[in-house]
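Trainee: One structure, as structure tokens, below. Some questions next.
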Amino acid sequence: MKYNFMCVLKYDEILEYCRFNCHFCLLIVFKFKIMGFLKEFKEFAMRGSVIDLAVGVVIGGAFGKIVTSMVDDIIMPPIGYITGGVDFSNMRYVITEANEAAGTTEVAITYGNFINVIIQFLIIAFCIFLVIKGINSMKRKEEIAPEAPAAPSKEEVLLTEIRDILRSK
């Protein structure tokens, strides 16, 4: 009796053959629910946009590593040299010093790492801006291309002939 409401809601045709609340009918109902869920998930996952998104995420992850390396190995050393040898990745505000005797570790806010991440974000945002700007300019070129005038329809041709006949009379 406690499973009856689940069966009656969507699977009346299955339960009309079973006058009892048997577990076999419940298994059939749950099988249909799971199969429907899996079918829906397959349709969702096989859409082109989802696959394109997955490819974009993988490429974005690889691009993020390139940008991280560029910031850490190419951009930040000259900035550190200009600022007098300051290494941004080691900049931090120490809240509590480490105490080996007590077995506590240092508690610090590493704002230098945050500065590196902000620079990485700005580089990635600039690269995405350039890509989107290029795509938009290509779309504009496609839109600007003039289309050849379409040939007149049969109705227009007939109306033109009728007009010309009427003019000649």
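Trainee: Mind listing whichever residues of region 89-108 are without any contact (Cβ under 8 Å) to a residue 12 or more places away in the chain and outside any strand (DSSP E or B)?
Mentor: Residues satisfying the conditions are GLU97, ALA98, GLU100, ALA101, ALA102, GLY103, THR105.
Trainee: Moving to a separate point now. From (1) surrounded by 10 or more Cβ atoms within 10 Å (Cβ to Cβ); (2) closer than 26 Å to VAL67 by Cβ, pick out the condition that doesn't hold for GLY85.
Mentor: (1)
Trainee: Could you check, for region 48-70, whether at least one of its residues is modelled with pLDDT under 75 and in a loop (DSSP other than H, G, I, E, B)?
Mentor: no
Trainee: So, in region 64-87, exactly how many residues are closer than 17 Å to ILE123 by Cα and touching a helix residue (DSSP H, G or I) at 6+ places or on another chain (Cβ under 8 Å)?
Mentor: Adding up the residues that qualify gives 9.
Trainee: Restricting attention to region 88-98, and to residues there that are touching a helix residue (DSSP H, G or I) at 6+ places or on another chain (Cβ under 7 Å) and more than 13 Å from ILE119 (Cα to Cα), which single residue is modelled with the lowest pLDDT?
Mentor: ASN90
Trainee: So, one more: What are the residues in region 120-169 that are surrounded by 10 or more Cβ atoms within 10 Å (Cβ to Cβ) and not in a helix (DSSP H, G or I), if any?
Mentor: Correct list: PRO152 only.
The values are calculated or read from the model by the stated rules, or taken from the named source; none is laboratory data. These numbers were taken from a predicted model, which means no experiment stands behind them. Note that we place each Cβ from the backbone using ideal geometry, even for glycine, and neighbour counts take in every protein chain shown.
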